[in-house]
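J.: I have a structure I would like to understand better, so I am pasting it below and will then ask my questions one at a time.
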Amino acid sequence: MRPLSALLPILLSVLFCGHAFAQDDAIQARRIAAHTRFLSSDLLEGRGVGARGGELATEYIATQLALVGAKPAGDRGTYFQNFQLAGVQTTDAATLSFTLRGQTSDLHWLTDWVGNSEMQQPVNTLEAEAIFVGHGIVAPEFQWNDYKGVDVKGKIVVLFTNEPGRENPALFRGKALMYYGRWAYKFEEALRQGALGAIIIHTDDTAGYDWGVVRNSWGREQQMVLRPAAERRLSMAAWVRSTAAEPLIAGTGKSVEELLQAAESRDFHPIPLGVTVRASLPSKIRTIDTRNVAAIVPGEGESMNEVVLYTAHWDHLGISPSESADKIYNGAVDNATGCGIVLEIARAWAGLAKKPKRGALFLFVTAEESGMRGSEYYARHPLVPLSKTIVNLNYDALLPGGLTEDVVVNGAERTTLWPLVESVAKQYALRIRPDPAPEQGYYYRSDHFSLAKGGVPAFSVGVGESYAGKPAAYGRELAAAYRAQDYHQPSDEFHENWDFTGLEHIARFGFTLGVDAARLPGSSSWKSGDEFLAAREKSIREGK
């Protein structure tokens, strides 16, 4: 039997759900479709960050928020939270070489390696010793430290992405990837340890994708939050293809596979490689003015002290410099759909006759495609303290394939709001679908993650794979076809025959979940032992 504390969210949800259900019919598939159609039209030129199309997209979103009665929550009474990014493009003149016992091996840009300097300056050269640090993880709660007994200050650390023990649930979370396995963590930890730079040895297995994905992502301009010149950053954050890594690890007498196996043990100790790494990363630098769009519907009595936060990213990849016939990355699914949903939820919330005690903040973030930069900036400069943010519900890239019978809320089970999530899903006759690919670490790849790092209970709300009246394989095939043919391609365009009824249903679910969360007594948090609990407790303790 569940304790009363666990049942309370469910009982309150049943008590209050009538208020939300009475208003959720304000959310309509046709309006989500209309927002999606406009935001993904050629007129918006792929909603590039710092480009004309992106400016048009944010103006449209702000206008729609004003029309439904949501109040501006941005800078100086506007709907915009303005800030700057640094655009860093490593040029084709970049070089990387490894010298071992007087023998130098030169690598080829894009074919063998990719990377950038985080220094945000045009000239970047380095020369340093290399040391292998396994998976590059420091996780005291798992009794794991790949940097034990070594000082890597001023050196280049070499490592693998992912985590050890993927087939052993006694290590980390077994098959389910945590943030410790993500490439972003590897570079962050290398910086914390004082390394000059970091090189990830890429394998398809450890990364979860082939070299082409790495090359295409890292061979283009990287957009970073503009930082003070005095702030320490990595001089090089790079990936090296496994077949090109042999000269880097030759001094160990081990193969890539043997080093990976050695890194699987808690007894692993860093291995000096005896190699001098030399690199030159000439970079084209530009300053990009960009903005998040933010609006608030205050709570009962115009309260803005605590909020439920809804997010969706407005940006996509802009216009391709290639000579292809279709140069515009329209981003209809990714993420005009999410923007359309959050706009409709804002309409429904503003129309509530009786507002919850807490308000709702609607945030449309920039530069998700560049590494969640807009949500990263917001988490550092929140418009409402993170400690006063009850939950973040994020919508990102939802396929309009018809009425869905299940919902994906990966990460919700790790929060104290889980009983409420289960209850609302039941109200909407939605089965909660478990993460179909936990080894891919999708939880750490969308904007809710920036809020989770700041301690906010946060997760994305997505469509599942079961569709009413469709064959069992329909949903899987639809998602697979999108990933293979349209994801991050100019072909991600709006189709007039798309069926938005499922997105309407998922939007109504998220609206009711948010309203019920806004009415709950007390605060919310992560469950005991979760990786984000310490950040939540810190934010509450410091009132930030």
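The values are calculated or read from the model by the stated rules, or taken from the named source; none is laboratory data. Please read these numbers as outputs of a predicted model, since none were measured by experiment. Note that we place each Cβ from the backbone using ideal geometry, even for glycine, and neighbour counts take in every protein chain shown.
Listed here are the residues, each with its yes/no results for (1) within 21 Å of LYS453 (Cα to Cα); (2) at pLDDT 95 or above.
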| position | (1), (2) |
| --- | --- |
| ASN116 | no, yes |
| GLN121 | no, no |
| VAL133 | no, yes |
| ALA139 | yes, no |
| LYS148 | no, yes |
| VAL152 | no, yes |
| VAL157 | no, yes |
| GLU163 | yes, no |
| MET178 | yes, no |
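J.: Would you confirm whether or not region 445-460 contains a residue that is farther than 16 Å from ASN394 by Cα, part of a helix (DSSP H, G or I), modelled with pLDDT under 95 and under 14 Å from the mean Cα position of the chain (by Cα)?
T.: no
J.: Within region 81-90, is there a residue that is touching a Pro at 6+ places or on another chain (Cβ under 7 Å) and not in a helix (DSSP H, G or I)?
T.: Checked against the condition, which is being touching a Pro at 6+ places or on another chain (Cβ under 7 Å) and not in a helix (DSSP H, G or I), region 81-90 yields no hits at all.
J.: Now, a different point. Run ALA73 past the list (1) at pLDDT below 95; (2) closer than 25 Å to GLY514 by Cα; (3) not polar (S, T, N, Q) and report the number of the one that doesn't hold.
T.: (1)
J.: So, one more: Quick one: count up the residues across region 391-409 that are hydrophobic (A, V, I, L, M, F, W, C), assigned to a strand (DSSP E or B) and either surrounded by fewer than 24 Cβ atoms within 10 Å (Cβ to Cβ) or modelled with pLDDT under 95 (or both).
T.: So the count comes out to 1.
J.: Got at least one residue in region 471-491 being buried (at least 17 other Cβ atoms within 10 Å of the Cβ), in a strand (DSSP E or B) and assigned by TED's automatic domain parsing to the domain that holds LYS327?
T.: No, that holds for no residue.
J.: Taking the stated definitions as given, is GLU129 closer than 20 Å to LEU281 by Cα, of a type in the set (D, E, K, R), surrounded by fewer than 20 Cβ atoms within 10 Å (Cβ to Cβ) and not assigned by TED's automatic domain parsing to the domain that holds VAL365?
T.: It is true that GLU129 is closer than 20 Å to LEU281 by Cα, of a type in the set (D, E, K, R), surrounded by fewer than 20 Cβ atoms within 10 Å (Cβ to Cβ) and not assigned by TED's automatic domain parsing to the domain that holds VAL365.
J.: If you don't mind, there's one more thing I want to ask. Tell me, please, whether a residue that is assigned by TED's automatic domain parsing to the domain that holds GLY351, free of Cβ contacts under 8 Å to residues at least 24 places away in the same chain, within 22 Å of LEU352 (Cα to Cα) and surrounded by fewer than 17 Cβ atoms within 10 Å (Cβ to Cβ) can be found in region 39-59.
T.: no
J.: Separate question: Would you mind telling me which numbered condition in (1) crowded, with 23+ Cβ neighbours inside 10 Å; (2) free of Cβ contacts under 8 Å to residues at least 40 places away in the same chain; (3) of a type outside the set (Ser, Thr, Tyr) ARG358 fails?
T.: (2)
J.: Please determine, by comparing only the residues of region 176-206 that are surrounded by 21 or more Cβ atoms within 10 Å (Cβ to Cβ) and among the small types (Gly, Ala, Ser), which one is nearest to ASP435 (Cα to Cα).
T.: Across region 176-206, the extreme among qualifying residues is GLY181.
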